[in-house]
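Reviewing the structure listed below.
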Amino acid sequence: MIPHRLRNLHRPDVLRAKLEREQAPRTTLSFYRYVRLSGVEDLRNELYAEWEALGVLGRIYLSQEGINAQLSLPTSNVEMFRTALDAREAFADVPWKIAVEDDDKSFLKLMVKVKKKIVADGLADDAFDVTNVGAHLDAAAFNRKMEEGALVIDMRNNYECLIGHFDGAYLPKADTFRGAIEEVTLRLRSGQGGTGNDPEILLYCTGGIRCEKASAYLKHEGFTNVGQLHGGIIDYARQIKAQGLASKYKGQNFVFDERLAERITDDVVSTCMQCGKSSDRIGNCQEVTCNMLLVQCEACAEEYADCCSPSCREIHQLPNEVQRAWRKGRSTRSTKTKAINDPEGLRRRIREQEEMLARIGTLHPELVRAGNFPPQPPTIN
Ligand SMILES: [Zn+2]
Ligand SMILES: [Zn+2]
């Protein structure tokens, strides 16, 4: 008998085609729980087999400290999935959030990974009491405290805050959770918020999970007045819709799946990093070794062929075999975010490259020669 392989072995394009053919509507949802889990490896294999049978696709992290799941599944199987979750004591009644805007194609495969932590936060958990968390606030209470002048802090990474955030929130420049919490602590200590030594603090993040840690950390650091948006932006969006409240969150919510963002309000809070015009169209540079995340308006997307710069555009437009040869040994995995805090730097690079391009006709002479692209004129002896 062939044992169950318990992992996906198909190529992304095959998976995407399969998903495109699928007729049944899918539901995208997410949940997490801090809970002591034992036998995590076995549990991982059980969950993979059980959930794959239900048509679940998504990214699930398991660790001894709990579960963190973002997934989609055929809507007709949602009830069976709920029953399967509730049947496990550790996951019984775990609240989940259903994505508001849903194009059904959020995830291509099922991935269940065993991790050291369910959120890679880089914090030394034993240094503070992770269970001493801030007060959980619902959307209405969060709005009210905002109106009373509380200091709102975005606990997401810089690239997640770009295209949407709460009105007037402090947006950290860091691109890791640990960096963000250190930056926030420093800022609060130095009183830059102008709100005294122990201000009323409101934290929020995508789904609420990071604020559990962040609020405990800030309390450990001596701040006593710490509140957090329960269920994060995802559940805030659901609550304001259900209760007819005004959204103090403006723009789009950055999400970690194929969609990159879901719209909460029609406000556009960002500008194109290339031309500076109002835009909240977000994407990755199509030159795959660059992959830089950027906000790029339609016109610039056309001008730069969905790339971040003339240099990347030139590589992206070379014949595939030349690109492949060039990519050998280069990493294509990171999502570069360096332009986010420095769009001016990006625009300067673009200007310099355009000048050079106008002068010598190429930014990558070796590549163009190697690929004989465009064809070199025959040399005359
Ligand atoms: Zn633009
Ligand atoms: Zn690029």
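Brief remarks on what is shown
- Averaging Cα coordinates gives a centre for region 154-222 and one for region 275-352; these two points are 29 Å apart.
- For region 189-276, trypsin sites (Lys or Arg not before Pro) are listed when DSSP marks them as loop and at most 14 other Cβ atoms sit within 10 Å of their Cβ; the list is empty.
- Cα shape, region 125-243, gyration tensor, a/c 1.5 rule: rounded
- Point-to-point label distance, ARG36-GLU147, nm (Cα→Cβ direction, 7 Å offset): 4.4
- If R0 is 30 Å, the Cβ-Cβ spacing of VAL114 and GLU366 corresponds to a FRET efficiency of close to 0.10.
- FRET efficiency for ARG11 and ASP138, using Cβ-Cβ distance with R0 set to 51 Å, rounded to 0.05: 0.75
- Residues of region 50-73 falling in the label zone of ARG21, defined by backbone nitrogen less than 17 Å from a point 7 Å along Cα to beta-carbon, are 55.
- Angle in degrees between helix 343-360 and the longest Cα principal axis of the chain, rounded to the nearest 10: 10
- Degrees, to the nearest 10: 209-220 long Cα axis against longest axis of the chain: 70
- Cα gyration tensor shape of the chain, rounded if a/c is under 1.5, else prolate or oblate by comparing a/b with b/c: oblate
- Distance from the C-alpha centroid of region 7-26 to that of region 34-94: 20 Å, rounded to the whole angstrom.
- Extension gain from SER278 to ARG327, taking 0.36 nm per residue of separation minus the Cα-Cα distance: 14.3 nm
- Above-threshold pairs, the threshold being 20 Å between Cα atoms, out of LYS213/LYS248; LYS116/LYS213; LYS115/LYS213: LYS213/LYS248
Throughout, read-outs are computed from the coordinates displayed, never taken from laboratory work. As the structure is a computational prediction, the values presented were derived from the model and not from experiment. Glycine gets a Cβ as well: all are built from the backbone with ideal geometry, and neighbour counts include every protein chain shown.
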